[in-house]
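Participant: Here's a structure for you.
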Amino acid sequence: MTIDRENEYYIGIVNELVKLPGETEWVEFKIDNSKPDEIGEYISALSNSAALYGKVHAYVIWGIENINHNIIGTAFMPADAKVGNEILENWLLRLIEPKIHFRFHEVRINGSRVVLLEINQAYRHPVKFKNSEYIRIGSYKKNLKDHPEKERMLWRIFDETRFEEHVAAENIGSDIVLQLIDYPSYFDLLSKPLPDNKEKILSALSSDSIITKTDAGQWNITNLGAILLSKKLEDFKSIKRKAVRVVVYKGISRVETIREQEGTKGYASGFEGLIGFINNLLPANEVIKKALRKNVPMFPEIAIRELVANAIIHQDFFISGAGPMIEIFDDRMEIT
């Protein structure tokens, strides 16, 4: 659940993590060990442990000595690694269930090449690799089924944590928050005057859990803030596939597409524009009232607003690969 970062950000992450006194439930250090099965098991274990300990991400770092945490570099090259004829990252993604976001980053620190695997925390269900669930007990990787007390705690956390409380962008500065969030729309939709300084804007956004303060004095953007008020949904990896798609077909079947458009803004800030866009695409009948001709849409706008709003709100937000879709035909409109 992150936005794209510059290399300096990941260098900073590595420099902070090597200061830890030892490996934790959500951090693993390696030098060159790159066995595919072991990486898959670590993704499961660290993702589940991150959820258990309230961490947005877990990490595996190659190029770090395990005992003294010296940065010595690694020969592991994830972009070139394969399992059979399949690229390592695709192979891991295929065998991990449910699908979570993880990503390899390669950086250079003091001339040494370091590989950082960033893993999102588990949500809703424990993460499995090859149908087995793992967890970290101290610095050791264990089968979750062998530790029922940890499994119970994990399920309790899943039950208590809602989608909108998860973090879409972690530990960012106030200026970046205001670049990513359409805060003028927030105040406009609530019929509130726009504050005259940055601190008051951030305070208002925080009061509605659009953003939350971090222990380091930075900000997290919640899924709630990102899905409702993002300037561009694609800025947030965890929700970018939730954009509303509008497809217009020729005739009454799906054989020929005339136009396809995907929404870019958050649901709240972009809702009026979405409804206007749909209404402009709908067929209309020409009606003569008294001496004037008037185009009357095939469907009343109030019905369109209600149905589209319901499709947006009542989707399963934890399914990351699909979002609401509106299909327009000559004789009907389907909202999925």
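Participant: Send over a whole-number figure in Å² for the accessible area per residue of the range 143-252, probe 1.4 Å.
Facilitator: Per residue, the range 143-252 has an accessible area of 52 Å².
Participant: Taking only Cα atoms, what is the 0 to 90° angle, nearest 10, from helix 7-17's long axis to the longest principal axis of the chain?
Facilitator: Computed tilt is about 50 degrees.
Participant: Just one of (1) 22.2; (2) 17.9; (3) 16.6 is mean projected area of the Cα convex hull in nm² as worked out from the coordinates here. Which one is it?
Facilitator: (1)
Participant: Right, another one. I need to check one value: relative contact order of the range 71-126, counting alpha carbon pairs closer than 8 Å and at least 6 residues apart, in percent. All intermediate terms of the calculation are to be shown ahead of the outcome.
Facilitator: Values: 59 pairs, mean separation 19.7, N = 56.
It comes to 35 percent, rounded to a whole number.
Participant: Magnitude of the Cβ-charge dipole of the chain, K/R +1 and D/E -1, about the Cα centre, nearest 20 debye?
Facilitator: 640 debye
Participant: Which percent of the accessible heavy-atom area of the range 217-336 goes to carbon and sulfur, probe 1.4 angstrom?
Facilitator: 54 percent
Participant: With a 1.4 Å probe and all protein chains left in place, how much of the accessible area of the range 69-165 comes from carbon and sulfur atoms, in whole percent? Don't skip to the end; give the middle numbers.
Facilitator: Working: 2450 of 5290 Å².
With neighbouring chains kept in place, the figure for the range 69-165 is 46 percent.
Participant: What net charge do the residues around Ser209 carry, taking every other residue with its C-beta under 10 Å from that of Ser209, with Lys and Arg at +1 and Asp and Glu at -1?
Facilitator: -3
Participant: Related question: With angles folded into 0 to 90 degrees, how steeply does helix 267-281 sit against the dominant principal axis of the chain? Use alpha carbons for both and round to 10.
Facilitator: Its long axis makes an angle of about 40 degrees.
Participant: In addition: Using a simple charge model, +1 on the beta-carbon of Lys and Arg, -1 on the beta-carbon of Asp and Glu, nothing else, what dipole does the range 39-196 show about its Cα centre, in debye to the nearest 20?
Facilitator: 640 debye
Participant: Can you give the FRET efficiency for Asp208 and Asp159, using 1/(1 + (r/R0)^6), R0 = 25 Å, r = Cβ-Cβ distance, to the nearest 0.05?
Facilitator: Once rounded, the FRET efficiency stands at 0.60.
Participant: Only loop residues by DSSP count here, and only those with at most 14 other Cβ atoms within 10 Å; note down the GluC sites (Glu not before Pro) in the range 1-91 that meet that.
Facilitator: Glu6, Glu65
Participant: Solvent-accessible area per residue for the range 5-137 at a 1.4 Å probe radius, Å²?
Facilitator: 44 Å²
Participant: Moving on to the next point. Going down the list Lys141/Lys242; Lys55/Lys145; Lys19/Lys213; Lys82/Lys145; Lys19/Lys55, which pairs span over 27 Å between their C-alpha atoms?
Facilitator: Check vs 27 Å cut-off fails for Lys141/Lys242; Lys82/Lys145.
Participant: Let me ask you something else. Out of Ser44, Ser253, Phe158, whose Cα points farthest toward the positive end of the dipole of the chain (charges: +1 Lys, Arg; -1 Asp, Glu; placed on Cβ)?
Facilitator: Projecting each Cα onto the dipole axis, the largest value belongs to Ser253.
Participant: Kindly express, to the nearest 10 degrees and within the range 0 to 90, the angle between helix 148-160's C-alpha long axis and the longest C-alpha principal axis of the chain.
Facilitator: That works out to roughly 30 degrees.
Participant: Is the range 176-315 best put as rounded, prolate or oblate by its Cα gyration tensor, with a ≥ b ≥ c the root eigenvalues, rounded for a/c under 1.5, and otherwise prolate when a/b is larger than b/c, oblate when not?
Facilitator: Because a/c hits 1.5 or more and a/b exceeds b/c, the range 176-315 counts as prolate.
Participant: State the Cα centre-to-centre distance between the range 42-60 and the range 130-164 in whole Å.
Facilitator: For the range 42-60 versus the range 130-164, the Cα centre distance is 10 Å.
Participant: Heavy atoms only, 1.4 Å probe, whole protein assembly: order Phe163, Phe317 by accessible area, highest first.
Facilitator: The most accessible residue leads, giving Phe317, Phe163.
The values are calculated or read from the model by the stated rules, or taken from the named source; none is laboratory data. Small disclaimer: the values here were computed from a predicted structure and weren't measured. With ideal geometry, Cβ positions are generated from the backbone for all residues, glycine too; neighbour counts draw on all protein chains shown. Surface areas here come from the heavy atoms of the whole protein model, side chains and all, with no ligands, DNA or RNA. Shrake-Rupley method; radii C 1.70, N 1.55, O 1.52, S 1.80 Å.
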